[in-house]
Amino acid sequence: MSPVKELTESNLREWIEQEVQPKVRVDGGEIQFKKLEGGTIYLGAFADCAVCPAASECLKWWLEKEVNRTFGGTYNIVIERHPNYWAL
Amino acid sequence: MAHLKTLRRNMNLQEWARLEFARIDALLVTRRHPTGPWQIRIGDYHPHGYTWESDFEPISEGQFWGRPDGNAEMIGSAGIPESMAGQPVWLEVQTASEVFVYANGKLVDGVDPNRVRVKLTDAAKPGFHYDLRFEAYSRSKFDDERALETLHMRGCVQHFHVPELVTLNQEAQALKFDLAVLYEAAFGTLTPEAVKLHLQAEIKELLKLFPLYDSLLDELNAAVPRLRAYAREHVYRPGTSFGHTGKLACVAHSHLDLAYHWKVSQCVQKNARTCLVQLRLMDRYPEFRYAHSQAWCYEMLEAHYPELFEEIRKRVAEGRWDIVGGMYIEPDCNLPSAESFIRQVVYGKLYFLEKFGVEVDNCWVPDVFGNSAILPQILKLGGIDYFLSNKMAAFNDTNRFPHNLFLWRGVDGTEIYASVPSTHFITWNEPDQVLTSWQTFQDERISDETVHMYGFGDGGSGVNFEMLEYYERIKKLPGFPEMRLTTGRDYLHKSFAQHPERLEVWDGELYLEMHRGTFTTKGQFKRENRRAEFTAQEVESLLTLAALNGAPYPAGELKSAYKKLLVNQFHDILPGSHTNPVFHETVERYREMREEFSKLKQQALAVLAPPGAPDDICIFNPFSEAREGLAVLDGAGAGCLEDAKGNRYAVQRQELPGGGERYVARVPAVPPLGMRTLRKTGAPAAAGAAATSNGTLENRFFRLRFDPHRRLVEIYDKQRSRQIVPQGAVANEWQLFEDKPGAFNAWDILPGYEDHPIELADWDSIEVVENGPLSTAVRLRRAFSLSRAEQVIRLYSGAPRIDFETWVDWRETERLLKVAFPVEVLAKIYTTDTSAGVLERENNRNTTWQQARFEVCAHKWTDLSEGCFGVALMNDCKYGCDVKGNVIRLSLLKAPIRPDRVSDKGEHRFTYSLFPHDGDWRRSGLVEAAYDLNWPLQALGGRRGGPLEGKSGLSIDTPAVKCMAFKLDEKRQRDVVVRLVELYGSHATARLRPGFPFRRVEVCDLLERQTAEIASSRDCVEVSFRPYQIQTLKFVRGEDSAQE
C-alpha cells in the first residue's frame, strides 16, 4: 500500500479513530491524538493501554510503522500515559 | 559484601530449597539448534481464510511483530543437526501469542504463553528438513499464565524469538516437577501443619543429596538419578501415616468465551487451537480425559477444521473426550426468554446426537452470572438431568452459598441435580488449588468426592502437560486428597448417585451476588434481544402457517437466523461484558439476523397475505388467543380503517421521542394465529376522548398532574378512585448515580451506589403532542450532564396503562440511571416476570440474603400488589430492577468504561409503562398488557389476508396458557409442534383447537421425542397444566411417527 495521506492533525485524528482505535479497543485500550509538533506525534494512552507495560515500546513501534505506511516518512511518536483513565 | 554473607547465613529452609531446586533448570535443555531464516506477514483471520495487509518480510531475533487484534503467518525452516541424531527433538517457540504449528504441511500442535514446546519427532534423523509454518494470533489478554519465559513478553505487539530445535533431559524435567510440587506443598498456605513438617523434613534430606552449590553442571546432572529416586521412594509414595484426605474428581476443561477480549470470528481459531493441544495431550497421557462444551464450537470445527473434528469424534467414541453442556453455547442465564433457553438445548443436543451419537445429560455453565429459576424445568424437559455452575460459590460478595451438591427446584417445582463447585473453574493443579477444592467442599455427607476443575480458560487454552505432571505427583502426596482424572459426566453421575436421599433443596433462582450490572450494561443489546425473541416466534409461526398452506418450510434458513440470536446470548455478549470490537461485531450479527428473519417473513407473507389493493391493511395476530386493540401500521396512515361491514376504526399519528412518527390503529378482534383485512378510508378520525390542559394529562382511566418543575406528582386512578403516587412523592423520577465499581466495571453495581447520587436538572419543557382518538400524550425534554433525553408520556383511550416512551442520547461515564415509581401500595413481597413464570421476592432487607439482592433481574414486568390493588411497572427491553418498600425502580442505563471504554454511549430507545390493576397480577390482565407492550399487533399495508383470513391457525381457550412456539418438527418438518406455558401460576386445563387437520397428538420432550400420547377429538385436544408448566405437543399429520 503506498502512502496517500498528508500528515495533518485532522488526518491523524481520522486515522486514529478509524484504524488504530478499533484494534487497540479489542484489548480494552484507547489511544487519542494530542498534538503534532515538528516530526513528533504526541498521543495519549488511556484505559488498558495506559497501564500496559508494553505500551511504551511495543505500541510505539507499531504506531510508528503504521504512520510510515499510511503517511510516508519517519516520525517519532511519544506516548503519554494517563493511568487515571476514568478521567478521560 | 558483608550484608550478603549475613543473608546467606540466615537463609531458611524455604529459601535454600528455592535456590537449590532452581539449579535443575540449567539441565533441562541439552542441546539447542537455531531455525530459520524466518519470514512473516501480517493480516486478519476470518474463519474462511486470511486477509493479508503485507507480503512476507524477513524477521529476525528481537524484532517486534504484529499489532493489536492481529494475526500473522510465519514461515521458516529447520534442519536436524548431527548432534541430535536419534533423540526426541522439540521445537521451542517462546511467544506470548497463540500459535498453530505446522511442520511439513501437517498441523502438529499449538504453543502459547502456557506452552513453549511441541514435539517434532521421537527419533531425529540428521539432515532431515522441516518446513515450518505458524499461524499466530497476537493477544494481550492473559489467562493466568505462569510460563516465566513469556510473562514479560505479554502485549498487543509481539517479540520475535527465533524458534529453536531442542533436545531435553527428560529425567531432569521429571525431577523439576518432583521438586516443584514438593516445594509448593511443603510451603503452601493450605497444607496441614503436620504434613508440612513432614514434607519439609523430606526437603532437608533432598538438599543433602544436592552437590555443593557451586559444583559443575556435570556433577549436578549426576545427582539427578539419586534425587529422583529419593523423591520417588520417600516423597511420592503411598502408606504414610497421613493417608489421604478427601477425594477429588479432576475434570479437565477449557473455559472458552465465544467473545470477550476477542471477537467470535477469532474464537473459531481459538477453539480449534484449544482442541488441538488437548488432542496432543491425549497422545502423551493415556489417562487424560477432557471436557469441552458448546455445540457451536464443534460446528465450527466441523466447518473449518475437519481433521480435528474427526479426531475428536474418535476420542469421543473412546470415552476420553467428554462433550459437556447440552446447549448450543453457554448463554447468559438470566436474560434470555424460556424459548431461547429451549432452543439452546434443542440445537445443542440435536447436534451432539446427530454428529456424535451422544445424549448430553448435563448443563455446563461454569461462568454465568446467576441462573434463572425457569432453567430446571427446561433442562429436564430437554433430557438434561444435571446442572453445573460455579460462580455462586466462588464470587458471591455477601453470603456463602450453602451447597455444592443439591437439588435445584425451579419456578414450577421441577427439581434437577445441581452442582455448584466450591472453587473457581479455572485452576492449574497447584497443590493449594487442589487442597482448596476439597477443603471448601461442604457436602461430604452427600458424596465423598468433589470436583476439581482444571485447565486455563476464558480464552480457551485448557490443560498443559505441566498440569498433568503436577497431578501425577500431588495424588501421591501424603495428606492430600485422592485424585482421579475423569469426565464431567462421570463426576456428576457418581456424586449424585451416592446419597441422593440426603440432598437438600435450593428453591428458586441461583442469584449471583455479584455482576448485577449485567442486567443493564449494553442497553442496545438488551433491546435487540427482547425484540428478536418475539420476532423469531412470529416469523416461525408465519412460516409454519405458510407451510400448512403448501409453501416450503425453510428450516435451514430459519435455524441459521435463530442461531445468530443464540450466539448473541453468550454470557459475555448479551450481558455487555466485552470489548468494543465485540460490540460492533455483535451489532452486525444482529443486523444480519434481522435481515434473515425479515426475508423469511416476506416469504411467508407472500403465501399468507398476498399483495392486495393499496388501501388494504392486513393484520396478523401471532398470539394463540383472539386479540384486539392497537396495531402498529407499517406505513403512514390517515383517517380510519373500515371492515367489510362498514365499521370504522380510528387511526392516529403518534409522536416518537427523539424524532420520528408512527401510525397506530385500533383494530377489531383478529383470530388467533390468523389474519383480518381492513381497508383505509379517508374519513376523518373521531374526536379525541382525552384532554390535556395546564399541567395535567387526563383520559377516562387516569389523571396525571405535573408540578411547575414538570415533575409527575399525581397519578389518579379514576376507575378505582385512588391516588397511586404517595402525597409529596414524585413518580417517574429519574435518578442518576455515580457508578464506579472498579475492575468489573461493566459487570457490577456496588451495594453503596445509592450513596453517590447526582442531582438531575428538571425536565426543561413539556408540551402536548397528541390528543387524538387513541392516545393523548405530552412530550418532555431535558438535558443533564452530557446527555439529552426526550420522553413521551402517553395515555390510551382503550388501555389502562401509562407509557413512558423514551429516547436518550447517553453520553455519561460511569453512571447509572434509574427511574423510580413510589406507589401507594403496602406489600411484603414483589413479583418479577421470568418469561415462563414469576419469582416472588421478599420486599425487605432483613437478612444478608435480601440485602445482597439490591438489584435483581426481571423480564417484562415487576409488580407490587396489596390485597385488592397493585401496580406493575412493565418494560419493553430492560432487565435490572429493584423494589425497596413502596418504590419500584427500573435500571435504565449504565455507562461502564471497562472493558469497553465507550460502552453504551449513543442513542437509546426504550419504553416503560405503569399498569395499576385490581387484585393480584394474575387476574389483572398484566400478563397480556406486557405482551401488548412488547409485541403489538402489526398492520401490513397493501396486503390482504389469504388462506388465514378470518380463520385461526390455533386457538387456546384459557388465557393462562400461552403459546411459546408454533413450528414444524425438527426432524421432518411435517408435523406441527406447539409449545405452551401456563403463566398464571395455577393448575389449568386448556382446550386447543388447531386450524389444520391432524391424526393424533403426542406429548413430547423438547427434542420432540414422544413421552406420552394425549386423547383428542378430530379438532380439539384438552391439556392439563401445572402452575408454570411448559408442554410441547406434536400434532402428527401424516404417517405414524411413534414407530420411527
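Could you list, in sequence order, the residues of the range B:820-832 that are surrounded by fewer than 24 Cβ atoms within 10 Å (Cβ to Cβ) and in contact (Cβ under 8 Å) with a residue 60 or more places away in the chain?
Initially, the range B:820-832 is screened for residues surrounded by fewer than 24 Cβ atoms within 10 Å (Cβ to Cβ), giving B:820, B:822, B:824-829, B:832.
Passing the criteria: B:Ala820, B:Pro822, B:Glu824, B:Val825, B:Leu826.
Would you say B:Ser54 is over 39 Å from the mean Cα position of the chain (by Cα) and of a type outside the set (A, V, I, L, M, F, W, C)? Before the answer, list the steps.
Numbers: over 39 Å from the mean Cα position of the chain (by Cα): no; of a type outside the set (A, V, I, L, M, F, W, C): yes.
For B:Ser54, the condition - over 39 Å from the mean Cα position of the chain (by Cα) and of a type outside the set (A, V, I, L, M, F, W, C) - is not met.
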Restricted to the range A:7-39 and to residues being under 22 Å from B:Thr579 (Cβ atoms) and among the polar types (S, T, N, Q), the residue surrounded by the fewest Cβ atoms within 10 Å (Cβ to Cβ) is A:Gln18
Here are B:Arg972, B:Arg943: which of them is surrounded by fewer than 16 Cβ atoms within 10 Å (Cβ to Cβ) and either free of Cβ contacts under 8 Å to residues at least 60 places away in the same chain or basic (Lys, Arg) (or both)?
B:Arg972
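Against the condition more than 14 Å from every other protein chain (Cβ to nearest Cβ), farther than 22 Å from B:Ala96 by Cα, touching a residue at least 60 places away in the same chain (Cβ under 8 Å) and open to solvent by less than 40 Å² (accessible area, probe 1.4 Å), how does B:Phe177 come out, does it pass? Even if it seems obvious, please write down each step before you answer.
Numbers: more than 14 Å from every other protein chain (Cβ to nearest Cβ): yes; farther than 22 Å from B:Ala96 by Cα: yes; touching a residue at least 60 places away in the same chain (Cβ under 8 Å): yes; open to solvent by less than 40 Å² (accessible area, probe 1.4 Å): yes.
Against the criterion (more than 14 Å from every other protein chain (Cβ to nearest Cβ), farther than 22 Å from B:Ala96 by Cα, touching a residue at least 60 places away in the same chain (Cβ under 8 Å) and open to solvent by less than 40 Å² (accessible area, probe 1.4 Å)), B:Phe177 qualifies.
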So B:Pro622 passes all but one of these: (1) within 14 Å of another protein chain (Cβ to nearest Cβ); (2) open to solvent by less than 10 Å² (accessible area, probe 1.4 Å). Which condition number does it fail?
(1)
Which one is nearest to B:Leu983 (Cα to Cα) among residues in the range B:858-882 that are assigned to a strand (DSSP E or B) and open to solvent by 10 Å² or more (accessible area, probe 1.4 Å)?
B:Ser865
Residue tally, condition open to solvent by 30 Å² or more (accessible area, probe 1.4 Å) and closer than 16 Å to B:Phe966 by Cα, over the range B:556-605:
2
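Just give me the residues in the range B:1000-1043 being hydroxyl-bearing (Ser, Thr, Tyr) and either open to solvent by less than 20 Å² (accessible area, probe 1.4 Å) or at pLDDT 95 or above (or both), in sequence order. Can you show your working first?
Initially, the range B:1000-1043 is screened for residues hydroxyl-bearing (Ser, Thr, Tyr), giving B:1011, B:1016-1017, B:1024, B:1028, B:1032, B:1041.
B:Thr1011, B:Ser1024, B:Tyr1028, B:Thr1032, B:Ser1041 - these are the residues of the range B:1000-1043 that are hydroxyl-bearing (Ser, Thr, Tyr) and either open to solvent by less than 20 Å² (accessible area, probe 1.4 Å) or at pLDDT 95 or above (or both).
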Wholly inside the range B:346-426, strands (runs of 3 or more DSSP E) that include 2 or more residues that are open to solvent by 10 Å² or more (accessible area, probe 1.4 Å) are B:405-409, B:415-419
Unmet criterion (only one of (1) at pLDDT below 90; (2) open to solvent by 30 Å² or more (accessible area, probe 1.4 Å); (3) more than 14 Å from chain A (Cβ to nearest Cβ); (4) within 24 Å of B:Cys267 (Cα to Cα)) for B:Ala147:
(2)
Unique residue being under 30 Å from B:Tyr183 (Cβ atoms), hydrophobic (A, V, I, L, M, F, W, C) and not in a loop (DSSP other than H, G, I, E, B) when the list is B:Ala231, B:Ala303
B:Ala231
Looking at (1) buried (at least 16 other Cβ atoms within 10 Å of the Cβ); (2) farther than 30 Å from B:His48 by Cβ; (3) of a type in the set (A, V, I, L, M), can you tell me which one B:Val264 breaks?
(2)
Looking at (1) free of Cβ contacts under 8 Å to residues at least 12 places away in the same chain; (2) over 28 Å from B:Gln433 (Cα atoms), find the lone condition where B:Gln269 falls short.
(1)
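Yes/no per residue for (1) assigned to a loop (DSSP other than H, G, I, E, B); (2) within 30 Å of B:Ala223 (Cβ to Cβ); (3) modelled with pLDDT under 95; (4) among the charged types (D, E, K, R):
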{"position": "B:Tyr130", "(1), (2), (3), (4)": "no, no, no, no"}
{"position": "B:Phe134", "(1), (2), (3), (4)": "no, no, no, no"}
{"position": "B:Met153", "(1), (2), (3), (4)": "yes, no, yes, no"}
{"position": "B:Cys156", "(1), (2), (3), (4)": "yes, no, yes, no"}
{"position": "B:Ala174", "(1), (2), (3), (4)": "no, yes, no, no"}
{"position": "B:Leu179", "(1), (2), (3), (4)": "no, yes, no, no"}
{"position": "B:Leu182", "(1), (2), (3), (4)": "no, yes, no, no"}
Within the range B:782-799, does at least one residue satisfy the condition of being touching a residue at least 12 places away in the same chain (Cβ under 8 Å), within 14 Å of another protein chain (Cβ to nearest Cβ) and either of a type in the set (A, V, I, L, M) or not in a strand (DSSP E or B) (or both)?
yes
Which one is least open to solvent (accessible area, probe 1.4 Å), of the residues in the range B:724-756 that are touching a strand residue (DSSP E or B) at 6+ places or on another chain (Cβ under 6 Å) and polar (S, T, N, Q)?
B:Asn732
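Only one residue in B:Lys196, B:Lys208 is farther than 30 Å from B:Ser293 by Cβ, loosely packed, with under 15 Cβ neighbours inside 10 Å and out of contact with any Lys or Arg (no Cβ under 7 Å at 6 or more places or on another chain), so which one is that? Full working, then the answer.
Values: B:Lys196 fails: loosely packed, with under 15 Cβ neighbours inside 10 Å.
Answer to the selection: B:Lys208.
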Exactly one of B:Ala85, B:Ala17 is touching a Lys or Arg at 6+ places or on another chain (Cβ under 8 Å) and over 13 Å from B:Phe134 (Cα atoms), and that one is B:Ala85
Hey, any hits in the range B:39-61 for a residue that's buried (at least 16 other Cβ atoms within 10 Å of the Cβ) and more than 14 Å from chain A (Cβ to nearest Cβ)?
no
Report yes if some residue within the range B:313-328 is within 30 Å of B:Ala746 (Cβ to Cβ), outside any strand (DSSP E or B), more than 14 Å from every other protein chain (Cβ to nearest Cβ) and of a type in the set (A, V, I, L, M); otherwise report no.
yes
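Kindly establish whether B:Val838 is at pLDDT 95 or above, over 28 Å from the mean Cα position of the chain (by Cα), away from every other protein chain (no Cβ under 14 Å) and more than 23 Å from B:Trp747 (Cα to Cα). First the steps, then the outcome.
Details: at pLDDT 95 or above: yes; over 28 Å from the mean Cα position of the chain (by Cα): no; away from every other protein chain (no Cβ under 14 Å): yes; more than 23 Å from B:Trp747 (Cα to Cα): yes.
No: the conditions fail for B:Val838.
Of all residues in the range B:901-927, count the ones that are assigned to a strand (DSSP E or B) and aliphatic (A, V, I, L, M).
Count: 1.
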Here's a check for you: in the range A:45-75, which residue that is hydrophobic (A, V, I, L, M, F, W, C) and open to solvent by 60 Å² or more (accessible area, probe 1.4 Å) is farthest from the other protein chains (Cβ to nearest Cβ)?
A:Val51
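For the range B:74-101, give me each residue that is hydroxyl-bearing (Ser, Thr, Tyr) and more than 26 Å from B:Asp458 (Cβ to Cβ). Show your work before the answer.
Of the range B:74-101, the ones hydroxyl-bearing (Ser, Thr, Tyr) are B:77, B:83, B:95, B:97.
Matches in the range B:74-101: B:Ser77, B:Ser83.
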Considering only strands (runs of 3 or more DSSP E) wholly within the range B:934-1025, the ones with at least 3 residues that are in contact with a Leu (Cβ under 9 Å, 6 or more places away or on another chain) and not acidic (Asp, Glu) are B:937-941, B:954-956, B:961-968, B:976-982, B:988-994, B:1000-1004, B:1021-1025
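What is the residue count in the range B:833-856 for residues that are open to solvent by 40 Å² or more (accessible area, probe 1.4 Å), in contact (Cβ under 8 Å) with a residue 40 or more places away in the chain and part of a loop (DSSP other than H, G, I, E, B)? Steps first, please.
Narrowing the range B:833-856 to residues open to solvent by 40 Å² or more (accessible area, probe 1.4 Å): B:840, B:842, B:844-849, B:851, B:853.
Then drop every residue that is not in contact (Cβ under 8 Å) with a residue 40 or more places away in the chain, which leaves B:848-849, B:851, B:853.
Of the ones still in play, those that are also part of a loop (DSSP other than H, G, I, E, B) are B:853.
Counting residues in the range B:833-856 that are open to solvent by 40 Å² or more (accessible area, probe 1.4 Å), in contact (Cβ under 8 Å) with a residue 40 or more places away in the chain and part of a loop (DSSP other than H, G, I, E, B) gives 1.
The values are calculated or read from the model by the stated rules, or taken from the named source; none is laboratory data. Quick caveat: nothing in here was measured; it's all calculated off a predicted structure. All Cβ positions, even for glycine, are placed from backbone atoms using ideal geometry, and neighbour counts span all protein chains on display. The protein model used for the area step is the full one, side chains on, heavy atoms only, and it has no ligands, DNA or RNA in it. Shrake-Rupley method; radii C 1.70, N 1.55, O 1.52, S 1.80 Å.
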